[in-house]
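What follows is a short report on a single structure.
Laboratory data are not the source of any read-out in this text; all were calculated from the coordinates shown. Nothing here was measured: the structure is a model prediction, and the numbers come from that model. All Cβ positions, even for glycine, are placed from backbone atoms using ideal geometry, and neighbour counts span all protein chains on display.
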Amino acid sequence: MTKHTPGPWHVEDFGDKRLTIFAEDVDETGRPIANIDARRPEAKENAALIASAPELLDVVLRVAGHAKIHAALPVLLLQDIDAVIAKAEGE
């Protein structure tokens, strides 16, 4: 079971050389997850990737579960999936 801050996460551009990724909160104020240096050319793409992390992990977990039940993917690919899930979950 993952222990990360639940999604959805979103990106806000504060125009002061940083992008901030926020997690939605029950009171809708959000909680900061990460700051990205907006001066880097790949900043918006990095921020979007980080913000999509909870949804990406959810999809990968569902694919892995389905593939293991139905033997739908090659073993080496399942090992790669298990490794990236462990990395995402901090193991």
Which residues qualify? For I33, with a placed amide H closer than 5 Å and at least 5 residues away or on another chain, they are I21, F22, A23
Do you know the Lys pair count in the chain for C-alpha distances under 26 Å, with sequence separation 8 or more or different chains?
6
Local electrostatic count, V60, Cβ distance below 15 Å [Lys/Arg +1, Asp/Glu -1]
-3
Share of Cα-Cα pairs in the chain beyond 23 Å, in percent?
37
Counting only residues 5 or more places away or on other chains, whose amide H sits under 5 Å from the amide H of R18 once H atoms are built in the peptide plane?
A38
Under the Karplus relation with 6.51, -1.76 and 1.60 and θ = phi - 60°, whole-Hz ³J(HN,Hα) for segment 11-21, x at Gly and Pro, equal 9, 10, 9, 8, x, 10, 6, 8, 10, 10, 9
Between D16 and A86, the FRET efficiency computed from the C-beta separation at R0 = 41 Å comes out, to the nearest 0.05, as 0.70
Between S52 and residues 5 or more places away or on another chain, the pairs with built amide H atoms under 5 Å apart involve none
With Cα coordinates, the longest principal axis of the chain makes an angle with the long axis of helix 75-88, in degrees rounded to 10, of 30
On C-alpha positions alone, give me the angle between the axis of helix 53-70 and the longest principal axis of the chain, in degrees, nearest 10.
10
